[in-house]
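Worksheet: one structure, shown below.
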Amino acid sequence: MNVVALFKLVPDLVEELEIDQSGTALNTDFLRLIINELDDHAIEQAILLKERSGARMTVIGSDAEGADDVLYTAVAKGADQLIKLMGDPNAVINNHAMARATAIVLKELQPDLILTGVQAHNDLDGSIGPLVAEYLGMPYVGYVSGVNVQNGRIVVRKEYPGGLIAEMEVDLPAVVGIQSAEQPPRYVTVNKVRQAMKTAAIEERPLPALDVSGGAAIRRMFKPESATRAKMIEGSTEEVTARLLDIFKEIGAL
Amino acid sequence: MMNQDIYVVIEHLRGKTADISYLMLAGARALAQATGGEVIAVLLGHNAQSLANNMAADKVLYVEHPALAEFTSDAYQRTLAGLIAGKEPRAVLFASSSIGTDAASVLSARLKLPLISSCQSFSADGRPICQICGGKIMAESDLPDTTTLLTMTPGGYKPEEGQSGKAPDVIKVEAPSLDNLRVTLKQYIEPEAGDVDISKEPIIVSVGRGIQNQDNIEIAEELARALGGVVAASRPVVDQGWMSTSRLVGKSGKKVKPKIYLALGISGAPEHVEGMGESEVIIAINTDTNAPIFNVAKYGTTVDLFDLVPALTEKLREVKKV
Amino acid sequence: MPFRETFWNIPHWAEIGQYILGLLTILVFAYGVFRRVKRWRMGQPEKRFDQIGKRLWSVLVDAFGQARTAQDAYAGIMHLTIFWGMVALFIGTALATVDWDVTHLFFGFQFLINGAYILYELILDIFGVLLLVGLGMAVYRRYFIRPPRLQPATAWQNALAQNVDRDDAYALVMLTLITLSGYFVEGLRIAVSKPEWSPWSPVGNALASWFIVTGDPTNRTLHLTLWTIHILVAFILIASIPFTKLFHILAAPLNIFFRSMQPAGTLIPARNDDQVGVKEWRDFTWKQLLDFEACVRCGRCQDACPAFASGASLSPRNFIISLKTHLWDTSSGHRLHGDVISSKELWACTSCRACVQVCPIFVDHLASIVDMRRYLVNEGEIDALLQKTLANLGRYGNSFGQSERLRVKWTQPIQAVIKDARKEAVEYLWFVGDYASYHVMFSDITRKTAQVFQKADLDFGILYDAERNTGNDVRRVGEEGLYESLVEKNAAVMSKCKYNTIVTTDPHTYNTLKNEYPANGNNHPVLHYTELLDQLIAAGKLQINKKLNYKVTYHDPCYLGRYNGIYDAPRRIIRALGCELTEMPRHGDRAFCCGAGGGKIWMEEQPEVKERPAESRVREAAGIPGVSTLVTTCPKDLVMFCDAVKTAGLEGKILVKDLIELVDEAM
C-alpha cells in the first residue's frame, strides 16, 4: 500500500504575530514557521499504518523555512520517500492553489491513501485534504482520529461533538483529514534526524504554475478588538484571590 | 443566473439540530440584509422534515432520502452539488465542523466556486470576517462576485437569533441518485458513559495546556470541589490522556454554558471557544497577556495559576466553613 | 626457646596433601578470576590507565583505608575489623609458610622464634578476636537489626533473592568457621604440647584448658581432625572467592583503581557514533561491567537515593544487582530493557549523585543509568511531557517552549540597561539560564540578582535572546544529540563575545559550563553567583548595610555541592548577612535532592511516588526549631520547594528564599 502524508508550515503562534504595512497579510520579518500540528499527527498516523501493515510511505510538503527539518524528521521516524514542492512560498497561503499543484504530483505517485491534517490555523479557503481529494476524484473523510485498513478499504474513526465517534468505511484510494493520530507524534532524537540528513534524499519537484482561483481576497487583517476584552485583575496573588472571591459572590456562586 | 439568496446547510446529528445551524441562520440573515436576498435553509435527511419547524428561515429546501439519514460526506456532496449548481444562490453557509468542512471544500473544488473558511461574522456591507491563527488574527475578505461557499465558526451570532416560533415553508427537492457511495457509516460509538455530564454543570473549572502535567490537574479538581463544580479540559489535555474525552470542551467535545467557566491555562483557540463561548461568566487565568481567551472572558488575570489556584481553593474553603 | 612448630602433629601425607590442595585451589581461583575478567572484556573499551599515581593513592585510602566504608560507624567498625582481622591472619599464615617451607626448609633458619614468635602469636590471637567481633556484629546486624537496605527487594524473583541470601550467609559462615577452627587447633596443640610460652596465645591457651580432661591421644586426633577442617575450609573459601560475594576482595580495589578521575560533573559522552546508548549488556564498557561485579550489596546507595525514598521504582542497589545477575544469565532470554531494568526505574533517577557519593567502592550508577536512558530516548520511549520539553528545547532553545525574544522579558522593569555581551566587552558574562529567565516565580529574583551586580559595580553583560539552555539536564536525560546542538549554538555565540569570567545563576548551568563545555573550547573560568558574591564580600566590594538576624537553614543544590564541592561560599555569605545558620540533618555532601534534576522536572510524576523528595526536604527544614527560612541557591530548588511547602501544608511555617533575595535585602 502507498500512503502519502501531506504537510504545510504555518506561523508559529508562540511568536507574536504582526500585520504588515499593507494591512492584508502577516509581517513575515518576524514570522517563524512550524509544521501544522495536525499534519504532524497525520505523519504519525501514516507511520503507524506503515508499522502495522508495511505500507510505503511518502511525505510531501512545499518549500519553506523548516520544510527540510520536517522531511528529515519524518524519515527518522520511518518515512520512505520525501518530496518537496519548489516554488513561490508566498502562494502557499492559498489552499486551492496548493491542492491543485499537489494533486498533479500525487497523480504520478498513485497513492492508495493520503493523510493530512484536517485543518490548519491559517486556512482561509478551506483545507488542503478535501480539495486534493476532489481534484483527484477520491472520497474524503475529515476529523478522523484513527485509521485501519480492512479488506482493501479503510475504516476510520470520525469525531463528532460530545465525544461521539462515527465509524465510517471508505473506498480506496481516499483522502483522510486527521484530527489526531492514535498516539501523540513520537519524538526522534537530534542524532537520528542528523543521520537522516546524511542518508536520505529530498526529491525537489517544481510547483506547476499556481492557479489561485477559489480562494479569498483579503481586504484587511487586524487583531481582535479589545472592546470585548476581559477586565484584567492585577495585583498580588492575595489581591487577585480576594477580588475573585468577590466576583464569585456577585454571581451568586457562594 | 445567480440570485441574492443565502443558503444555510443545516447540520443535524441523530435527530437533533446542532446549535451551529441556528447560529448560521442568524448569520445568513445579516448577510441577506446586505445582499437583499432571502435566507433559505437546506435540510438533508430521512424523515427529518420536522426539524425545520423552528428555523428562522424564509424557506426550507428539504431533500429526503434514506441515504441522507445520517451524514456521510459522499452523499451530502452529491446532493448539495446538484442543488447549488441548479439554484446559484449568492452564498452557501456550512458549519466549520466535522460535517460542514467535509462538504464545503469538496464542493468548492467540484463546482469551481470560491470558499472562505472560518467566518465568524459579516460586516454591514456583507464582507465575511474570519478568525485565524488560533484567534489571534481577524481577516476581512471581499465577498466574491460568484456563488460563494463559507464555513462558519461561532462567536458572531447567537443560536436564539436563528430560531423562530413560526414554521417556515418547506419545499421538497428531489434527491439525486445516491447509489454506489464510496463512504458509508458503519456504526456510532458512544462516548464513555458513567461520567458527569459537563454540559449540565453550572460551574466548570477547565484546564488547558498550561496545566503542564497530569498531576497538576489535582489542583483544578480541588478548586472545583471547593466551588461545587466539576473539571473539564481543552483538547491538548485530553489528547495527552490526562482527562477522559467526556470532559472535553470545544468543537470536538461538549458544548457548555455554565454560570461560571474558569479557564486555567487555556489559550482560547477558536475550537475551544466554540464549546464554551456562551458561558455566562468566563474567568481566564493565563500568564500570556496576549492569549485570545481574554477576548471572550469577562474577567482575566495573568497571575500564575499554580500560585493562584491553591490560594483560591483555600480561601473558598475558609469562606464555606464560616 | 619459643619457636614456631609448624605441622606439629600433622602426618607427612597431610602436609603433602595440603600443598596439592593448595595448588588445586589456586587453579580454581585463577579460573574463576579469568572467567570474570573475560566477561568484563566483552564490554566496550574505555581508557582508565591514566594518572596511575593518583589511582594507587585512591586504592590505598579507599580500599585499604576504607575511608568511605568508615563513614557509617557500625558498618565501618564491623567491616574494618573483619577486613584487618583477615589481613592479619592471612599475613600470619603467609609468614608461617615462609618461616617453615622456605627459610627453614632450604636454609635451616627460622625467624619466628623467641620474642618475634611470642609477638606473632599474641598479635594473631588479638586479630582473631577482632575478626570474631566483626563477624558477630555482622551476624547481629544482618539477622537481628535487619536494616532495610540489606533486605532483598520484594520485586525480585525468589530464586534471585535466595541466591543473594545464601551468598551473604556463606561468607559469614565460612569466615567464622575458619577463625573458630583455627583457635581450636591452636588450643588443642597447646593442650598437648603445653609450651611454656602458651600464655602469649591467650585465646588458644584458654581453649586448651577445656581439653585437659580429654587428654591424649583424643586431643591429637581431635587436633588432626580440626586442622583438616581448618585447611579445607580455608582452601574452599579461597577457591570460592571469584564465585561468591567474596569476590569484592579483588574487585573492589580494582574498581577503585579504575574509577573515573574526571570531575564529578563531567558525564561520559555517548560512545557509539550513532549514540544509541546501551541496548544490551555488551554495550556497557568493561568498567561499567566491573562496577556491577564489584558491588557487595551494602545498600548505602539505596539509603541515599531520593527516588527510592519517595517510593518510586528505582533503587540504585537493585539496579546494580539486577545488572550483575543479568551479566551471567545466559539461559532465561531476559532482555536488558524491560525484563531486567524497567524504563520506570531509569526515569525515576534525579541524577543527584548521592548514590555515587556514598558508594564505598566508587560504583558509578549514574553513568549506567544515563547510558540506558540514551537507548530509551533513541527509541522514543519517553513520557509525553518530556517529549514536549525536548521538542521545545530543540525548537526554541528553552524548556518552556516560549519565544527566544521573551528570554529577557524580566529585564523590562529594570532602569539601567544591562550590557549586551554580544556587542561590547564585559568582565563577567552572566549566563542566566532557563528557569531564572522564564519562570514567573523567578523573574523578580533575577531582577534582584542584576541589581545586586549593579550595586557592586560589576562589569557584566548577558547574551540576551541568543542564550540557549546549556543542556546539562538534556544530556542527563540521554538526548546527547540535542545536548550537542545546544552546546554548538551557545559556543557559537560565546566565541564572538569578549569576557573574562562566566557567572551563572543556575547550578545546573554552572556544572555543564564548568565541567563539560571545556571539551568544546570554553576555557574561561566559571563561577556560580555565590562564589562571585563570596569573593566580592571578602574583597569589601559588596557592602552589607543591614544585619538580617534571620534564623535560616541552607539546602545544598546537588549540582553545586556534591557535583562541584561548593559548600562554604554560600554559608559564608549567609553568615556575612548576619543570619544564624542551622544545618539540616542531611547537609553538605549528604544533602537530599529536591527531585528536579536529570530532567525530572520535565517529566510526569510516577504514580508510585508517596512523598515527593521536595516535600521530604521542606519537612526536614521546617522540623528545625526556630528556623523560619529555607535558603537555596538554585532556581529549580526554589520552584520545587515553594510548591512543596504548599502541598505539605507548611505555609506560614517555613519560607523558601534564594540567597540572592537575602543579599538584596541586606544591601
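The values are calculated or read from the model by the stated rules, or taken from the named source; none is laboratory data. No experiment lies behind these values; they were computed from the predicted model shown. Here the Cβ positions follow ideal geometry from the backbone for every residue, glycine too, while neighbour counts run over all protein chains shown.
Within the stretch A:123-153, being touching a Lys or Arg at 6+ places or on another chain (Cβ under 6 Å), more than 20 Å from B:SER117 (Cβ to Cβ) and at the interface with chain B (Cβ under 10 Å from one of its Cβ atoms) holds for A:PRO139, A:SER145. One residue alone among B:VAL196, B:VAL205, B:VAL231 is part of a loop (DSSP other than H, G, I, E, B), touching a strand residue (DSSP E or B) at 6+ places or on another chain (Cβ under 8 Å) and either under 30 Å from B:VAL303 (Cβ atoms) or within 11 Å of another protein chain (Cβ to nearest Cβ) (or both), and that residue is B:VAL196. Of everything in the stretch A:163-190 that is more than 7 Å from every other protein chain (Cβ to nearest Cβ) and surrounded by fewer than 22 Cβ atoms within 10 Å (Cβ to Cβ), the residue that is nearest to B:SER97 (Cα to Cα) is A:GLU182.
Being at pLDDT 90 or above, at the interface with chain B (Cβ under 10 Å from one of its Cβ atoms) and outside any strand (DSSP E or B): is that true of A:SER213 here? It is false that A:SER213 is at pLDDT 90 or above, at the interface with chain B (Cβ under 10 Å from one of its Cβ atoms) and outside any strand (DSSP E or B). Of the candidates C:ASN545, C:ASN511, C:ASN520, the single residue that is in the same structural domain as C:ASP473 (by TED's automatic domain parsing), surrounded by fewer than 16 Cβ atoms within 10 Å (Cβ to Cβ) and in contact with a helix residue (DSSP H, G or I) (Cβ under 7 Å, 6 or more places away or on another chain) is C:ASN520. When restricted to residues that are without any contact (Cβ under 8 Å) to a residue 40 or more places away in the chain and buried (at least 24 other Cβ atoms within 10 Å of the Cβ), the stretch B:269-282 contains 2.
For C:THR97, the test of being among the polar types (S, T, N, Q), buried (at least 17 other Cβ atoms within 10 Å of the Cβ) and within 28 Å of C:LEU132 (Cβ to Cβ) is failed. Please go through the stretch C:391-417 and pick out each residue that is more than 25 Å from C:ARG475 (Cβ to Cβ) and among the polar types (S, T, N, Q). The answer is C:THR411, C:GLN412, C:GLN415. For the stretch C:240-312, the helices (runs of 4 or more DSSP H) that sit wholly inside it and include 1 or more residues that are among the acidic types (Asp, Glu) are C:286-294, C:300-304. Across the stretch A:53-68, the qualifying residues are those that are in a helix (DSSP H, G or I) and more than 15 Å from the chain's Cα centre (by Cα), and the one among them that is surrounded by the fewest Cβ atoms within 10 Å (Cβ to Cβ) is A:SER53.
Report yes if some residue within the stretch B:95-102 is assigned to a loop (DSSP other than H, G, I, E, B) and over 18 Å from the mean Cα position of the chain (by Cα); otherwise report no.
First, the residues of the stretch B:95-102 that are assigned to a loop (DSSP other than H, G, I, E, B): B:96-99.
Imposing the further condition that a residue be over 18 Å from the mean Cα position of the chain (by Cα) reduces the set to none.
Within the stretch B:95-102, not a single residue is assigned to a loop (DSSP other than H, G, I, E, B) and over 18 Å from the mean Cα position of the chain (by Cα).
Restricting attention to the stretch A:225-237, the residues that are facing another protein chain (nearest Cβ under 7 Å) and either modelled with pLDDT under 80 or surrounded by fewer than 16 Cβ atoms within 10 Å (Cβ to Cβ) (or both) add up to 4.
Scan the stretch C:378-395 residue by residue and report those that are within 7 Å of chain A (Cβ to nearest Cβ) and not small (Gly, Ala, Ser). Quick ask: steps written out before the conclusion?
The initial filter retains those residues of the stretch C:378-395 that are within 7 Å of chain A (Cβ to nearest Cβ), namely C:378, C:380, C:382, C:384, C:387, C:390-391, C:394.
If the condition is that a residue be within 7 Å of chain A (Cβ to nearest Cβ) and not small (Gly, Ala, Ser), then C:ASN378, C:ILE382, C:GLN387, C:LEU390 are the ones that fit.
Among residues of the stretch B:112-137 that are within 21 Å of A:GLU18 (Cβ to Cβ), those with a Cβ under 9 angstrom from a residue that is basic (Lys, Arg) and surrounded by fewer than 24 Cβ atoms within 10 Å (Cβ to Cβ), sequence gap 6+ or separate chain, pair up as B:LYS136/A:LYS223; B:ILE137/A:LYS223. Among the numbered conditions (1) over 24 Å from A:GLY117 (Cα atoms); (2) within 14 Å of chain C (Cβ to nearest Cβ); (3) hydrophobic (A, V, I, L, M, F, W, C), the only one that A:VAL193 does not meet is (1). Anything in the stretch B:129-167 that is over 27 Å from A:VAL118 (Cβ atoms) and within 11 Å of another protein chain (Cβ to nearest Cβ)? List them, or say none. Within the stretch B:129-167, B:ASP145 is the sole residue that qualifies. Residues in the stretch C:566-590 that are of a type in the set (Gly, Ala, Ser), closer than 25 Å to C:LYS514 by Cβ and in contact (Cβ under 8 Å) with a residue 40 or more places away in the chain: C:ALA569 alone.
Pick from the stretch C:458-476 the residues that are assigned to a loop (DSSP other than H, G, I, E, B) and over 36 Å from the mean Cα position of the chain (by Cα): which of them is nearest to C:LEU390 (Cα to Cα)?
Result: C:LEU463.
State whether one or more residues within the stretch B:118-128 are assigned to a strand (DSSP E or B), facing chain A (nearest Cβ under 9 Å) and within 20 Å of the chain's Cα centre (by Cα). Break it down stepwise before answering.
Keep residues of the stretch B:118-128 that are assigned to a strand (DSSP E or B), which gives B:118-122, B:128.
Now drop any that are not facing chain A (nearest Cβ under 9 Å), which leaves B:118, B:128.
Those still in the list that are within 20 Å of the chain's Cα centre (by Cα) too: B:118, B:128.
Looking for residues that are assigned to a strand (DSSP E or B), facing chain A (nearest Cβ under 9 Å) and within 20 Å of the chain's Cα centre (by Cα), one finds at least one in the stretch B:118-128, hence yes.
Within the set C:ILE190, C:ILE212, the sole residue that is surrounded by fewer than 14 Cβ atoms within 10 Å (Cβ to Cβ) and more than 46 Å from the chain's Cα centre (by Cα) turns out to be C:ILE212. Considering the stretch B:208-228, the residues that are touching a residue at least 60 places away in the same chain (Cβ under 8 Å) and within 12 Å of chain A (Cβ to nearest Cβ) include one that is farthest from B:PHE71 (Cα to Cα), namely B:ALA226.
For the stretch A:1-40, the strands (runs of 3 or more DSSP E) that sit wholly inside it and include 3 or more residues that are of a type in the set (A, V, I, L, M, F, W, C) and buried (at least 21 other Cβ atoms within 10 Å of the Cβ) are A:2-7.
Limited to the stretch C:397-418, what total is found for residues that are farther than 23 Å from C:LEU486 by Cα and modelled with pLDDT of 90 or more?
Of all residues in the stretch C:397-418, those farther than 23 Å from C:LEU486 by Cα come to C:411-418.
Imposing the further condition that a residue be modelled with pLDDT of 90 or more reduces the set to C:411, C:418.
Qualifying residue count, the stretch C:397-418: 2.
Does any residue of the stretch C:558-566 turn out to be farther than 24 Å from C:ALA348 by Cα and either surrounded by fewer than 24 Cβ atoms within 10 Å (Cβ to Cβ) or among the aromatic types (Phe, Trp, Tyr) (or both)? Yes - at least one qualifying residue is present in the stretch C:558-566. Exactly one residue among C:GLN357, C:GLN387, C:GLN402 is in a loop (DSSP other than H, G, I, E, B), at negative phi and of a type outside the set (A, V, I, L, M, F, W, C), and that residue is C:GLN402. Helices (runs of 4 or more DSSP H) fully within the stretch B:242-321 that include at least 3 residues being among the hydrophobic types (A, V, I, L, M, F, W, C): B:293-296, B:305-321.
Any chance the stretch B:179-191 includes a residue that's within 24 Å of the chain's Cα centre (by Cα) and either more than 8 Å from every other protein chain (Cβ to nearest Cβ) or among the aromatic types (Phe, Trp, Tyr) (or both)? Checking the stretch B:179-191: at least one residue is within 24 Å of the chain's Cα centre (by Cα) and either more than 8 Å from every other protein chain (Cβ to nearest Cβ) or among the aromatic types (Phe, Trp, Tyr) (or both).
Taking the stretch C:34-76, which residues are out of contact with any Ser or Thr (no Cβ under 6 Å at 6 or more places or on another chain), part of a loop (DSSP other than H, G, I, E, B) and touching a residue at least 40 places away in the same chain (Cβ under 8 Å)?
Start the filter on the stretch C:34-76 by keeping residues that are out of contact with any Ser or Thr (no Cβ under 6 Å at 6 or more places or on another chain), which leaves C:34-42, C:45, C:47-75.
Retained after the next criterion (residues that are part of a loop (DSSP other than H, G, I, E, B)): C:41-42, C:45, C:47-51, C:65-68, C:72.
Answer for the stretch C:34-76, where residues must be out of contact with any Ser or Thr (no Cβ under 6 Å at 6 or more places or on another chain), part of a loop (DSSP other than H, G, I, E, B) and touching a residue at least 40 places away in the same chain (Cβ under 8 Å): C:ARG41, C:MET42, C:PRO45, C:ARG48, C:ASP50, C:GLN51, C:GLN66, C:ARG68, C:ASP72.
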